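Heads up, the thing below is written out as structure tokens.
The values are calculated or read from the model by the stated rules, or taken from the named source; none is laboratory data. Note that this is a predicted model, so its numbers are computed, not measured. Neighbour counts are summed over all protein chains in view; Cβ atoms, including those assigned to glycine, are modelled from backbone coordinates with ideal geometry.
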Amino acid sequence: MKFQGRSTRKRTGGRRRHSRNKRKYELGDEPTETQVGERKLKVVDARGGTEKVRAVATDVASVATDEGTVAAEIENVVENPANPNYVRRNIITKGAVIETSEGEARVTSRPGQDGQVNAERLE
């Protein structure tokens, strides 16, 4: 787990003495790298007793077209500005361009946070 609390270094480079232990809310998680494949979801506990649904893998996207929203089959990832290696590994993040049965589309949702892929069709 990643620690997302205050840094042990000052701006000047000096050390900061810690006054308490780490807190649960300061711990982060590894990113959910949603892959193209058979749909697999993971439920994670979030703050306030709520739950987040993370898409570990998915093969369906809701693509917004001029006629309306269509459930399209995801074929592969064409471009991903977040990380060029994600294209080779077929990892879907927000902003990624995916090849679907409806044509190319840009992802507008965060599949690792929402558990679904929403996209808008590119002309």
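Here are a few things to note about the model shown:
- Condition met for residue 65 (in contact (Cβ under 8 Å) with a residue 24 or more places away in the chain and touching a Pro at 6+ places or on another chain (Cβ under 8 Å)): no
- From the options 69, 50, residue that is under 19 Å from the mean Cα position of the chain (by Cα) and either modelled with pLDDT of 95 or more or of a type outside the set (A, V, I, L, M) (or both): 50
- For region 1-23, the tally of residues that are charged (D, E, K, R) and modelled with pLDDT under 85 stands at 1.
- Matching residues, region 94-123, being of a type in the set (S, T, N, Q) and out of contact with any strand residue (DSSP E or B) (no Cβ under 7 Å at 6 or more places or on another chain): none
- In region 14-42, the residues that are within 13 Å of residue 115 (Cα to Cα) reach residues that are among the small types (Gly, Ala, Ser) and part of a loop (DSSP other than H, G, I, E, B) with C-beta atoms within less than 8 angstrom, at least six apart or across chains, in these pairs: 41/115.
- Region 43-59 - residue that is without any contact (Cβ under 8 Å) to a residue 60 or more places away in the chain and assigned to a strand (DSSP E or B) and, of those, nearest to residue 73 (Cα to Cα): 58
- Subset of region 75-92 that is touching a Ser or Thr at 6+ places or on another chain (Cβ under 7 Å) and in a loop (DSSP other than H, G, I, E, B) - its residue that is farthest from residue 107 (Cα to Cα): 82
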